[in-house]
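Reading through the structure tokens given below for one structure.
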Amino acid sequence: MTPPSRRALLALFALSPLAACSSGPRPEDEEGLPPDLPPLPAVRRIVLSHAKSGERVDVVYFFNNAYDPRAMQKIELLLRDRRTGQVGRIDPLLMDFMFDLLQRTGLPPSTEVQVTDGFRSPGTNADLVRDNPNAARESYHLQGRAMDFKVPVLPGPALGEIAKTMQRGGAAYYPSTGHTHIDTGPNRTWKTR
């Protein structure tokens, strides 16, 4: 493990108990999440990029106890189906899952998340299922409730393990591609290649 990776892991374990500091109450539209989750901050920022296109979004997507529709539109455009160009609605709770995951690692909200896959159209998903044994026929990507990503400053296996412990939905790390998957479906994980 390289020294920066070691430092990131040490920061993760040292700072993760502080992740809930300076937080406000959860908004009402977050009902259904496990009751023992710490409250998220009243202002939530996310920085997403798409490496192949060079696109980048840096937005405050939640403030004044509401999701900002303009910020969510920017997120949805970045997470569009890259094969068809179709833009789908993205579940705001997916952004909260990502925001909370970064908080638990001790990384600041300005940390860039490199998205490899977001929303998928039915045709794109069908092609992936045919060509890739890791793709799910009823993927949460179809509903805008899943994303695949990398956080360059953290080792992927550690990121996947942290996401699994959060029990906010589906989470897995894919060693063959080096990406982590999260979704807002039921709490679960699965074997990956």
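Taking the criterion of being without any contact (Cβ under 8 Å) to a residue 40 or more places away in the chain and not β-branched (Val, Ile, Thr), the residues of the range 155-171 that qualify are GLY156, PRO157, GLY160, GLU161, LYS164, GLY170, ALA171. Of all residues in the range 63-96, those being under 15 Å from the mean Cα position of the chain (by Cα) and either modelled with pLDDT under 95 or of a type in the set (Phe, Trp, Tyr) (or both) number 0. Taken together, the criteria exclude GLN143 from residues that are crowded, with 19+ Cβ neighbours inside 10 Å and out of contact with any strand residue (DSSP E or B) (no Cβ under 6 Å at 6 or more places or on another chain). In the range 45-78, the qualifying residues are those that are surrounded by 13 or more Cβ atoms within 10 Å (Cβ to Cβ) and polar (S, T, N, Q), and the one that is nearest to VAL113 (Cα to Cα) is SER49. If you go through the range 124-149 and keep only what is over 18 Å from ARG168 (Cα atoms) and in contact with a helix residue (DSSP H, G or I) (Cβ under 6 Å, 6 or more places away or on another chain), you end up with ASN125, ALA135, ARG137, LEU142. Here the condition is being touching a Lys or Arg at 6+ places or on another chain (Cβ under 6 Å) and either part of a strand (DSSP E or B) or crowded, with 22+ Cβ neighbours inside 10 Å (or both); of GLN103, GLN114, it holds for GLN114 alone.
The values are calculated or read from the model by the stated rules, or taken from the named source; none is laboratory data. It should be emphasised that the depicted structure is a prediction, and the values quoted were computed from it without experimental measurement. Every residue, glycine as well, gets a Cβ built from its backbone with ideal geometry; the counts of neighbours run over all protein chains shown.
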